[in-house]
Structure formats: C-alpha cells, structure tokens
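Okay, structure first, notes after.
The values are calculated or read from the model by the stated rules, or taken from the named source; none is laboratory data. Fair warning: this is a prediction, and the values are worked out from it, not measured in the lab. Every residue, glycine as well, gets a Cβ built from its backbone with ideal geometry; the counts of neighbours run over all protein chains shown. In case anyone asks, the SASA skips ligands and DNA or RNA and just uses the protein heavy atoms, side chains included. Shrake-Rupley method; radii C 1.70, N 1.55, O 1.52, S 1.80 Å.
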Amino acid sequence: MSIVFEHKTEVENTIEEAFAWHERKGAFRRLMPPWELAEEVRADDNLKEGSQRIFRFPMGPIKMNWVAQHTGYNPPHSFEDKMLKGPFKSWHHTHKFEAVGDNNALIHDKVRYKLPMGFLGNLVAGRMIKKRLERMFTAREIRLERDLKRHADFADKPRKKILIAGSSGLIGRQLVAFLDTGGHDVWRLVRRKAKKDQKELVWNPDVGIINHDVLEGFDAIIHLGGAGIGDKRWSKKRMKLIEESRTKSTTLLANAITKLAKKPEAFIVASAVGWYGDRGDEELDETSTPGEGFLPETCARWEESCQAARDIGVRTINLRTGIVLDATGGALGKMLLPAKLGAGGPIGRGKQWYSWISMDDQIYSIHHLLMKEDCEGAYNIGSPNPVQQKKFAKVLGKVLRRPAFMPTPPLGIWFLFGKMGVALTTESTKVMPKKLTSSGYKFEHENLEDALRDCLGLWK
C-alpha cells in the first residue's frame with residue numbers, strides 16, 4: 001500500500017519564475033536540507049523526460065546511491081521524478097506549480113512512496129520517515145522563499161558571468177548553487193582535469209600555471225580556495241601550506257587579471273576574522289588594527305596578495321569571515337558529536353568571543369557585495385551578535401537538548417589537536433560587520449539560536 005505525503009509552499013513570484021528556479025542545476029543543492037550529507041554523483045542539466053540524477057547519501061555506516069529519473073515534464077506547470085534505485089520500495093514525486101493571483105505561485109509537492117517489507121516496514125519506520133519528510137520539506141520551503149527574495153533584491157541588475165575558485169569547498173558548493181539559481185553564468189576554476197560538458201577551467205596554482213586567455217570575459221572572479229585551517233595539526237610544514245596555498249594562488253589570479261584585455265568588474269577573495277588575532281573583549285570592526293601571530297600574519301599576506309588587481313582599479317573585496325555554521329562540516333560539524341554526547345561545554349573559562357555567521361548569510365552577503373558596485377575593500381562577514389564560547393556551547397546544548405556544562409581544559413585541546421586546536425578554540429575575536437550593515441545588508445540570522453535551529457532542522 002502506498003503512503004502519500006504532501007507539502008505546499010507559496011512564493012511571491014510568478015509561476016514562470018518559480019518553475020525556472022527549479023529548472024536550474026543549482027536547485028538540487030539549495031533544496032537539499034542543510035544537515036544532509038548528500039553528494040551529487042551525476043546529473044543531467046534539465047528536468048526533461050528521461051533525464052536522471054544520481055546522488056549518494058549516508059545510511060548508517062554505509063553510503064547508498066539514489067537514482068532518480070524525471071518524467072511528466074510540463075513547464076511551467078509540473079514535473080515529476082521517480083526512484084529507479086534507492087532505499088524505498090517505490091518513490092514518485094510530483095511537483096505542481098499553480099498561479100495564485102497575478103504575481104504569486106503555489107508549489108504543491110506530492111510524494112507517493114512504499115517502504116520495504118510492507119506492513120512491517122511501515123510499523124518499524126513509517127513514523128520516522130514521515131517526520132523526516134516533514135523536516136526536509138520545511139527546510140526546502142524556507143530555503144526556496146529566502147533564495148527567491150534575495151535574487152529579487154537585484155532583479156533589475158544584469159546577470160553576471162562569474163568564475164569561482166574553491167567551488168568544491170563548504171562555502172563554494174552553496175555559493176555556486178545559489179548564483180546558478182539566480183540565472184548567473186557560473187564557471188568553476190579547478191585543479192583537476194576539467195569534466196567534459198561542464199563549465200570548468202583548469203589551473204595549477206602550486207606551480208604557478210594559469211592560462212590568461214581563459215579568464216577573458218568574466219564579470220567577476222571569486223577565490224575561496226586554500227588548505228583547511230582546522231583540518232590537521234599545525235606542523236611547520238602544514239603552516240607553510242596553509243599560508244602558501246592562499247597567497248600563491250591569490251597572487252597568481254591577481255597578476256593574471258592585470259594581463260586581461262577586459263578586466264573583471266570585481267575580484268572577491270576569502271579571508272578570515274583571524275586577521276584581528278586574539279583580542280579579548282575588544283570590539284573590532286574594519287577600522288581596527290591587525291593582530292599578531294600566525295593567523296593574523298597569514299590573513300594579512302593573503303589580503304596583500306590581491307594588490308596587483310587593486311592597483312589597476314579592479315573592485316577588490318576581502319571577506320573576513322567568522323565561524324560559518326554548517327551541520328555537514330567546518331567548525332560546527334566538528335562540534336556536533338561531542339555536543340550530542342553531552343560533552344560540548346565551555347572550553348577553559350569560555351569567555352573567548354566567537355564571531356559566527358549562518359551559511360545562508362555567508363552566501364547572501366557575498367552575493368550582496370558582488371551586486372552592489374559601490375562595495376570595495378575588507379568586510380567582516382559575521383553576525384552583528386558575536387557570543388562568548390560558553391554561551392555558544394549553552395545555546396547549542398539547548399537546541400540539541402543536551403547538557404552543556406562539562407568544561408574542556410585547553411590542555412586537553414592541545415593534547416588532541418595541538419597548536420591549531422588551541423588557536424581556533426581559545427583565541428577571542430569579537431568582530432562586528434560594520435561595513436556590511438552600512439552597505440544595506442539585512443541578516444537572515446542575527447540570533448545564534450535561530451541560526452543553529454535552522455541549520456540543524458530543529459525549529460521550535
């Protein structure tokens with residue numbers, strides 16, 4: 001017997017605009033719940049009859065492939081997909097689009113599915129599956145409404161041709177998807193061999209190789225790449241890699257830009273709030289002085305590596321980003337397991353300041369700075385409400401419904417993670433996004449609890 005699940009979402013867009021958003025390749029990534037570790041293996045570039053999408057997701061200790069095939073393509077009114085291979089006995093998802101008044105659209109999702117093992121499968125997993133679907137489609141609704149509104153903010157501006165380096169990283173994947181759903185022409189600058197029929201260009205910053213000709217014609221170049229700061233212990237070799245992977249690649253791009261016949265309008269490069277160093281309770285904005293130590297010096301050299309592009313008049317932006325809240329990786333991803341086990345309490349005295357930002361605000365702020373032609377220079381990318389670490393731990397514990405009082409001594413962090421762990425967890429940086437808010441940016445998440453509930457799908 002089939003089970004039917006339905007969900008309706010109304011957006012302030014025409015039926016044509018809503019359908020067009022779903023047709024773009026980035027829609028899959030943006031509609032995936034932010035706590036899901038799904039990985040796209042292969043996808044056709046359209047929703048037409050017979051096109052397929054294959055993605056992989058964790059199922060306990062193993063990874064399982066889901067193969068979906070599109071059917072019932074009837075733009076802008078409907079499209080369908082059915083599961084050819086996956087965890088369900090059967091799955092058929094119908095997406096219907098209806099005009100509501102002159103400028104609104106109603107999206108009606110209807111899923112008809114069967115669980116394995118019939119009655120026994122329904123008895124064991126039926127309720128859990130229904131709750132999981134409710135969470136998933138709630139997240140889809142929230143993300144869709146937000147994305148459409150953010151794109152509408154700049155609907156009067158021409159779409160841009162954009163090249164992104166670091167597109168496979170935590171932030172890069174979401175930025176590529178968001179810009180793509182907004183109708184921008186998004187290309188990736190990759191180190192591996194370019195995939196056929198994909199918008200990919202190749203470079204090798206480790207040995208200083210880039211073909212200047214392939215950079216011609218882009219309106220903006222965004223560089224988010226660099227070896228992970230928190231991925232491994234900081235040996236001398238690792239610290240050198242962290243710095244050079246940023247400075248060499250940025251210098252290579254900046255110098256290449258100077259040789260172009262038609263320069264890009266904008267050059268946007270990642271940086272970090274580590275630029276300010278360990279500053280205690282001092283409130284910091286873009287006018288503050290730089291800090292001292294490995295992270296501040298690395299960030300300073302990183303930003304200085306853009307200078308060649310800045311010198312020839314290219315609008316250059318440095319993104320001084322805080323802790324980006326994402327349940328699938330980054331700092332929060334590392335915090336989740338101990339927090340779920342009740343061991344996510346204060347680190348030391350817990351008075352160090354954490355400057356944080358939700359993933360959606362990270363993506364939307366980059367888009368905002370890209371589209372506003374008067375934005376230039378360094379911008380702090382973080383919530384206007386940084387919190388002390390002990391409050392961060394307490395709020396995360398509240399959201400997860402777990403205790404968060406067990407302290408972790410800095411010596412324990414040093415033993416487990418070395419100098420890297422101590423620097424990233426105990427240094428205090430209270431950063432305010434003064435320039436970003438002055439430019440007119442409006443945050444989706446100013447409050448930490450709201451941001452954590454959103455990215456974990458644990459709304460009240």
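Could you tell me the relative contact order of the stretch 151-281? Use alpha-carbon pairs under 8 Å, at least six residues apart, and round to a whole percent.
Numbers: 173 pairs, mean separation 33.0, N = 131.
Reported relative contact order: 25 percent.
In this label model, THR437 and LYS85 are separated by 5.2 nm, measuring between points 7 Å along each Cα→Cβ vector. Counting only protein heavy atoms and using a 1.4 Å probe, the accessible area of ARG112 comes to about 110 Å². Computed over the stretch 139-198, the P(r) curve from all C-alpha pair distances, binned at 5 Å from the origin, holds 4, 16, 23, 23, 17, 10, 6, 1 percent per bin.
The slack between ILE62 and LEU106, meaning 0.36 nm per residue of separation minus the straight C-alpha distance, is 12.1 nm. For the chain, give me the percentage of DSSP beta bridges that are antiparallel, rounded to the nearest 5 percent. In the chain, DSSP labels about 60 percent of beta bridges as antiparallel.
Ordered by solvent-accessible area of protein heavy atoms (1.4 Å probe), largest first, the residues MET406, MET64, MET83 come out as MET406, MET64, MET83.
The 3J(HN,Hα) values that the Karplus relation (6.51, -1.76, 1.60; θ = phi - 60°) gives for the stretch 188-196 are, in residue order, 10, 9, 10, 8, 7, 5, 5, 6, 5 Hz. Gly and Pro appear as x. Give me the log10 of I(q) over I(0) for the chain at q = 0.05, 0.07, 0.12 Å⁻¹, as the Debye formula computes it from C-alpha points; what are the numbers? Summing over Cα pairs of the chain leads to -0.19, -0.38, -1.14.
Could you compute how fast the stretch 83-203 diffuses translationally, taking Rh as the Kirkwood radius over C-alpha pairs and applying Stokes-Einstein at 25 °C with viscosity 0.890 mPa s? Give it in µm² per second.
On the way: Rh = 18.1 Å.
Rounded to a whole number, D works out at 136 µm²/s.
Once the Kirkwood radius over Cα pairs is known for the stretch 12-51, the Stokes-Einstein relation at 25 °C and 0.890 mPa s delivers a diffusion coefficient of 210 µm²/s. Using just its DSSP H runs of length 4 or more, each adding -39500 (n - 2.57), the chain gives a mean residue ellipticity at 222 nm of -11500 deg cm²/dmol after division by all residues. Taking all protein chains as shown and a probe of 1.4 angstrom, TYR276 keeps an accessible surface of around 0 Å².
For GLU80, GLU16, write out the residues from largest to smallest accessible area, computed with a 1.4 angstrom probe and no ligands counted. Let's see the in-between values first.
Working: GLU80 45, GLU16 105 Å².
Ranking GLU80, GLU16 by accessible area, largest first, yields GLU16, GLU80.
Paramagnetic label reach from VAL41 (point 7 Å along Cα→Cβ; backbone nitrogen cut-off under 20 Å): within the stretch 61-98, residues 61-71, 81-93. Is there a pair in LYS25/LYS196; LYS262/LYS435; LYS390/LYS430 whose C-alpha atoms are over 18 Å apart, and which pairs would that be? Result: LYS262/LYS435 exceed 18 Å. With contacts taken as Cα pairs under 8 Å and at least 6 residues apart, the stretch 269-405 reaches a relative contact order of 28 percent. Estimated at the nearest 10 Å², the accessible area of LYS259 is 130 Å² with a 1.4 Å probe. Using alpha carbon centroids, what distance separates the stretch 240-303 and the stretch 121-147, in Å? The stretch 240-303 and the stretch 121-147 have Cα centres spaced 40 Å from each other.
So how many Å³ per residue does the convex hull of the Cα atoms of the stretch 66-119 work out to? Please report the intermediate quantities before stating the final value.
Values: hull volume 4.2 nm³, N = 54.
About 77 Å³ per residue, rounded to a whole number.
With the simple model of a label 7 Å out from the Cα in the direction of the Cβ, LYS130 to ASP213 spans 6.2 nm.
Taking a 1.4 Å probe, which of TRP187, TRP203 shows the most accessible area, and what order do the others take after it? If you can, show how the numbers build up before the last one.
Numbers: TRP187 60, TRP203 10 Å².
Greatest to least solvent exposure: TRP187, TRP203.
When the inverse distances between all different Cα atoms of the stretch 171-298 are averaged and flipped, the Kirkwood radius reads 16.8 angstrom. When you restrict to C-alpha pairs under 8 Å that are six or more residues apart and normalise by the size of the chain, the relative contact order lands at 13 percent.
What is the Rg over Rh value, at two decimals, for the stretch 15-135, using alpha-carbon atoms and the Kirkwood definition of Rh?
Values: Rg = 15.4 Å, Rh = 15.7 Å.
Computed over Cα atoms, the ratio is 0.98.
Kindly give the semi-axes, whole Å and largest first, of the ellipsoid equivalent to the stretch 1-79, taking each as the square root of 5 times a Cα gyration tensor eigenvalue. Mind dumping the intermediate values first?
On the way: eigenvalues 114, 49, 43 Å².
Ellipsoid half-lengths, sorted descending, are 24, 16, 15 Å.
What's log10 of I(q)/I(0) for the stretch 218-276 at q = 0.15, 0.29 Å⁻¹, Debye sum over Cα points only, no solvent? Reported log10 I(q)/I(0), two decimals: -0.53, -1.23. Our coupling estimate for the stretch 367-379, obtained by passing each phi through the Karplus curve with A = 6.51, B = -1.76, C = 1.60 and θ = phi - 60°, is 4, 4, 5, 5, 7, 8, 6, 9, 8, 7, x, 8, 10 Hz, Gly and Pro reported as x. Based on the convex hull around the alpha carbon atoms, the stretch 263-330 presents an average projected area of 6.1 nm².
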